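The values are calculated or read from the model by the stated rules, or taken from the named source; none is laboratory data. A quick note: this is a predicted structure, and the numbers were derived from the prediction, not measured. So basically every Cβ, Gly included, is an ideal-geometry build from the backbone, and we count neighbours across all protein chains shown. For the accessible areas, the whole protein counts, side chains as well, though only heavy atoms, and no ligand, DNA or RNA atoms are used. Shrake-Rupley method; radii C 1.70, N 1.55, O 1.52, S 1.80 Å.
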Amino acid sequence: MIVDDDPDITKTFGLVLEDSGLYEVDTYNDPLAALQNMRPNFYELALLDIRMPKMNGFELSDKIEEIDNKVKVCFISAYDIKDKALREKYPLLQVRCFLPKPISVSDLIKTLEIELLR
């Protein structure tokens with residue numbers, strides 16, 4: 001699952017991952033739509049943008065975990081994950097996987113392979 005409010009990102013990432021032959025991908029530009037389509041034991045990994053309207057990636061991650069706590073989450077953002085405002089708003093946040101935008105295709109695939117093996 002890829003959730004990013006930028007349609008160009010979801011389209012590009014979705015095509016790249018599916019063209020690799022390794023992944024089947026559902027993409028969403030609205031985090032609420034992604035949440036409505038979330039179901040237990042369906043997704044292995046969710047690639048979530050941090051800053052989105054309606055619901056940010058951290059909030060979406062929490063909601064996904066309530067539905068299926070086995071889904072691995074990787075955050076993507078043009079913002080620094082160590083951003084002071086983010087750390088103050090989410091002091092207990094534990095981010096295991098983070099990809100800074102812009103993301104190369106090779107870094108995207110390599111990171112997802114590593115996360116799926118964990």
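Within the accessible area of the range 1-71, the carbon and sulfur atoms contribute 44%, probe 1.4 Å, all protein chains present. Each label was represented as a point 7 Å from its Cα along the Cα-to-Cβ direction; for residue 59 and residue 98 these points are 2.0 nm apart. Here the extension length gained between residue 41 and residue 20 equals 5.3 nm, from 0.36 nm per residue of separation less the Cα-Cα distance. With N the number of residues in the chain, Rg(Cα) / (2.2 N^0.38 Å) evaluates to 0.99. Each of 115, 59 has its accessible area taken with a 1.4 Å probe; listed largest first, they run 59, 115. What percent do you get for the relative contact order of the chain when only Cα pairs under 8 Å and 6+ apart count? Computed over the chain, the figure is 22 percent.
Each listed q (0.18, 0.25, 0.32 Å⁻¹) maps to a log10 I(q)/I(0) for the range 40-81 from the Debye sum over equal C-alpha point scatterers, namely -0.48, -0.84, -1.13. For the chain, the number of Lys pairs with C-alpha atoms closer than 16 Å, counting only pairs eight or more positions apart or on separate chains, is 6. Take the Cα of residue 68, step 7 Å toward its Cβ, do the same at residue 105, and the gap between the two points is 2.7 nm.
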